[in-house]
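Presented below is the structure to which this report refers.
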Amino acid sequence: MSTSWSTTDKATSRPSAPGPSDDLRRKRRAAKVRRLRTGLPGLLLVAPALAFYGVFVLRPLAATVQYSFYEWNGISTATWAGVDNYVRLLTDPDLLGPILNALQLIIYFSFVPVVFGVIAAAIIRKMGASRLAGISRTVLFLPQVIPLVAAGIMWTWLLATDGAVNQVMRVIGLDGLTRAWLGDFDTALPAVGVIGAWVNVGLCMLLMLAGMTKVDPSLYEAARLDGAGPIREFVSVTLPAVRQELGVAIIITVISALRSFDIIFISTQGGPGSSTMVPGLEIYYLAFFEREIGQASALAVALTVLVLIVVLPLNRLTRSDSDS
Amino acid sequence: MRSAALGAIGLLALAACSPPGGDEEPEETSAPTTSATTSASGEISCGTEEVTVEAYVETGFPVFAELAAEFESQHPNVTFNIREDQFAVITQNAPRILADSETDIMRLPQMSELASDGLLLDLDPYAEAFGWDQWPSSQLEQMRVDDEGRRGSGPLYAMGLNYSMTGVFYNVELAEQIGMTEPPATLDEFDAYLQAAADEGLTPLNQFNGGATGGLAFPLQALMASYGDPSEINSWVYQQEGANIDTESNLAAAQHLNGWIESGYFADDINAIDYAQMMARFIEGDSVFIFTGDWESGNLDTQMPGNAGFFLMPPLEEGGQLGAMSAPLTYGVSANAANPDCAATFLDWVATDETARTIAVEIGGSHPMGPADAFMPELDESSVTAQTLAAGATVAENNGTMDFIANATGSIYAQSWTPQLQNMVAGQQTPEGLLETVQSDYLEQIGE
């Protein structure tokens with residue numbers, strides 16, 4: 001709908017570049033009328049979606065920004081707080097800590113699954129159409145299908161003191177290393193990260209596989225004729241071909257790390273201490289337990305800005321890559 | 001495109017017109033005073049016409065549903081519509097539920113802010129009409145909130161279904177194994193039994209301390225009552241002027257707890273286990289002692305009959321001060337309630353009707369509210385329910401009841417006690433630092 005609108009827009013605005021004449025002016029007026037006529041049904045068609053978008057996305061967004069400048073408990077009248085809430089974000093270690101944790105989670109939620117996803121996809125592609133390829137694809141993608149809450153509960157059982165992870169470690173003689181993985185200050189954040197990595201690896205693999213299928217088989221043939229081994233083939237042919245998919249995978253997983261909530265809420269609730277506290281969870285606690293809606297909103301705005309700061313350069317990176 | 005942008009700007013403008021929450025205010029503040037006084041002047045009852053009481057209660061505690069069913073059968077015109085949620089969910093929903101819906105009766109979380117915001121009905125007119133003000137005043141004290149949000153005095157904003165009490169539960173068989181035939185009379189004796197259990201290769205203590213639930217606050221507060229004066233802890237919880245948790249006797253209590261941690265008396269994964277896991281392990285016979293409340297008595301009498309015992313945290317010297325956390329199972333009436341009279345009638349009936357009191361004891365496991373000489377059901381002397389009720393009477397005689405230190409402010413438990421106690425378990429916080437940090441957080445939270 002909107003595409004047809006914008007193409008007419010382009011087509012009619014182009015003739016206006018040379019000097020104006022009567023003929024041109026008349027043409028332009030006619031085009032304007034035509035544009036309105038073709039634009040109106042388009043607008044009408046977009047209107048319902050736009051209304052929903054406005055009410056459920058734009059308005060809450062605006063309200064969050066507004067609340068962030070107030071001190072409000074959610075019930076009584078709010079008092080204007082200016083930028084106090086933002087100043088506290090930068091000075092209070094209780095609020096800064098969660099952001100640092102989220103940045104650390106990027107390693108587990110993004111870096112690890114992307115690397116594993118690429119490797120797994122390359123191996124599965126090699127297997128061709130065999131049954132094993134189908135099974136591995138399903139098994140690796142399954143975590144994406146399971147609700148995050150279920151995944152969180154399952155992993156808390158696996159990582160518990162008497163859970164499967166520790167049982168296996170005892171069997172292979174690593175008794176000394178067993179611990180309550182989610183209850184230990186040193187291992188809680190990495191343990192939560194493992195859950196995230198497990199969830200995201202399927203998505204990354206699927207994206208990579210999709211990218212790899214569009215590679216022309218003759219390229220591989222040519223590489224092989226030039227004497228390339230499987231690793232050389234992977235580095236020189238496969239990897240450049242999936243650059244765009246790689247970009248998408250990194251962006252999606254980085255966002256999932258920064259705004260993580262479900263897995264952590266289920267498995268550790270931010271504990272022990274505040275070693276696994278992340279901004280999403282902190283916003284929830286501030287808003288619904290401490291009833292500091294203003295402070296929670298400020299943190300939410302900061303989180304949104306942080307996501308944009310991290311993701312926009314990545315986005316540009318993939319775009320310029322595809323142009324070159 | 002242009003109109004879309006215009007629309008967005010319009011929405012932004014719409015959102016930015018007035019400070020949030022401003023327009024609803026006058027209606028809410030006027031509600032409580034008017035409805036309570038007018039209705040309380042006449043005869044208070046559920047009437048004879050069909051009434052549906054909207055209730056919002058905590059899931060996992062069947063006592064409310066049992067009481068409601070019995071009330072329905074005695075008052076055929078009354079129907080309860082019960083919605084259940086976990087306590088954490090109730091905590092986060094409470095202000096909005098009370099402000100936006102016509103919930104008549106609701107399980108309340110920490111209530112000082114709810115009362116200050118004018119969301120709860122002042123129950124004093126009912127207290128006068130029903131004679132609740134003739135009961136021992138300590139029963140209602142915790143549910144009074146003054147106009148500055150301090151608890152302990154002021155109008156009554158809630159009522160209890162019963163009042164629960166905490167202490168030490170033990171596994172009788174395992175206790176015999178370590179030579180404990182009767183509960184310890186002093187803290188030293190208790191320490192000796194803990195050491196004996198450790199020597200036997202048993203897990204002496206288990207306590208939930210994982211996630212967002214710092215259960216070590218239970219033994220910590222029990223130790224505070226052994227070392228110091230329970231009334232000082234109460235004034236801290238009630239936010240009285242100048243109250244301080246960081247005192248010499250509390251420090252001694254925190255150091256004693258840290259001693260237990262360092263001696264390895266607690267299960268080594270307490271920072272990862274939740275309440276349900278602690279109970280499951282205790283019932284399976286994996287730990288000798290746990291700290292919890294009499295709400296488990298009924299459950300333990302069914303799950304491990306004859307094998308569960310209870311005692312109050314022993315004092316430093318034999319015959320010394322006994323203290324216990326004790327709190328009513330608080331239910332409030334919304335300032336917007338459609339049937340406040342019926343809700344209040346129900347709350348009075350719970351405390352006075354013999355069948356209701358029997359349900360409160362047998363299903364709830366805790367002592368019913370009401371006058372000191374009111375009816376009590378017969379109980380099997382050997383049951384743990386009988387032991388907890390007897391202990392409750394002892395504490396009440398000693399004036400040793402305290403409110404839970406986690407109830408001092410809305411967020412002191414989740415934001416201060418829990419993380420700091422978890423830090424202490426991991427050796428990353430000292431007893432001194434624990435109390436200092438909690439006190440400074442407390443001042444910040446009540447200063448606002």
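Note on the range A:86-323: Kirkwood radius taken over Cα pairs, Stokes-Einstein applied at 4 °C and 1.567 mPa s, translational D equal to 66 µm² s⁻¹.
Of A:A257, A:A188, A:A228, the residue with the greatest mean-square motion in the GNM of chain A, using alpha carbon springs below 10 Å, is A:A228. In chain B, the DSSP-assigned H stretches of four residues or longer account for a calculated mean residue ellipticity at 222 nm of -13500 deg cm²/dmol, using -39500 (n - 2.57) per stretch and the full residue count as denominator.
Comparing the range B:271-326 with the 2.2 N^0.38 Å rule of thumb, its C-alpha radius of gyration ratio is 1.29 (two decimals). Given a cut-off of 16 Å, what percent of all Cα-Cα pairs of the range B:49-135 lie beyond it? Percent of Cα pairs beyond 16 Å in the range B:49-135: 61. Kirkwood hydrodynamic radius of the range B:183-319, from the reciprocal of the average inverse Cα-Cα distance over all distinct pairs: 15.9 Å.
Here the Gaussian network model covers chain B, with springs between Cα atoms less than 10 Å apart; of B:G47, B:G152, B:G201, B:G201 fluctuates the most. Quick one: in the protein assembly as shown, what % of C-alpha pairs are over 41 Å apart? Tail fraction, whole percent: 45.
For the Cα atoms of chain B, what angle does the longest principal axis make with the long axis of helix B:2-15, in degrees from 0 to 90, nearest 10? Approximately 70 degrees, to the nearest ten.
Could you please rank A:W72, A:W80, B:W135, placing first whichever residue has the fewest other Cβ atoms within 10 Å of its Cβ?
Arranged by neighbour count, lowest to highest, A:W72, A:W80, B:W135 become A:W80, B:W135, A:W72.
Work from the charge dipole of the protein assembly as shown (Cβ charges, +1 for Lys and Arg, -1 for Asp and Glu, about the Cα centre) and give the residue of B:T302, B:A192, B:Q321 farthest towards its positive end. Positive-most Cα among the choices belongs to B:T302. Residues whose amide H comes within less than 5 Å of that of B:T203, counting only those at least five positions distant or on another chain, are B:V288 (H built at 1.01 Å from N in the peptide plane).
From the largest down, the range B:240-288 spans 44, 26, 18 angstrom on the principal axes of its Cα atoms. Take the range B:394-437, drop everything but the C-alpha atoms, weight them equally and run the Debye formula without solvent; then report log10 I(q)/I(0) at 0.31 Å⁻¹ to two decimals. So the normalised log intensities work out to -1.02.
When only the Cβ of Lys, Arg, Asp and Glu is charged (+1, +1, -1, -1), the dipole of the protein assembly as shown relative to its Cα centre reaches about 7980 debye.
Overall, the ratio between the Cα radius of gyration of the range A:198-263 and 2.2 N^0.38 Å, rounded to two decimals, is 1.39. For the pair the range B:79-107 and the range B:392-448, the centres of their Cα atoms are 26 angstrom apart. Working from the pairwise distances between different alpha carbons, so that the mean of 1/r is found and then inverted, what is the range A:107-239's Kirkwood radius in Å? Result for the range A:107-239 stands at 16.9 Å. Distances between every pair of Cα atoms in chain B, grouped in 20 Å steps from 0 to the bin holding the largest one, split as 24, 54, 20, 2, 0 percent. Over the range B:299-448, the ratio between the Cα radius of gyration and 2.2 N^0.38 Å evaluates to 1.33.
Principal-axis analysis of the Cα atoms of chain B puts helix B:187-199 at an angle of about 70° to the longest axis. With unit charges on the beta carbon (Lys/Arg positive, Asp/Glu negative), name the residue among B:L156, B:A253, A:A30 whose Cα is farthest towards the positive pole of the charge dipole of the protein assembly as shown. Value computed over the given set: A:A30.
Taking chain B as a Gaussian network of alpha-carbon nodes connected by springs under 10 Å, the highest mean-square fluctuation of the residues B:N399, B:N162, B:N209 belongs to B:N399. Using C-alpha pairs below 8 Å separated by at least 6 residues, the relative contact order for the range A:86-323 is 30 percent.
Here, each number is a calculation from the coordinates, and none is a lab measurement. Owing to the predicted nature of the structure, the values given are computational and were not obtained by experimental measurement. Every residue, glycine as well, gets a Cβ built from its backbone with ideal geometry; the counts of neighbours run over all protein chains shown.
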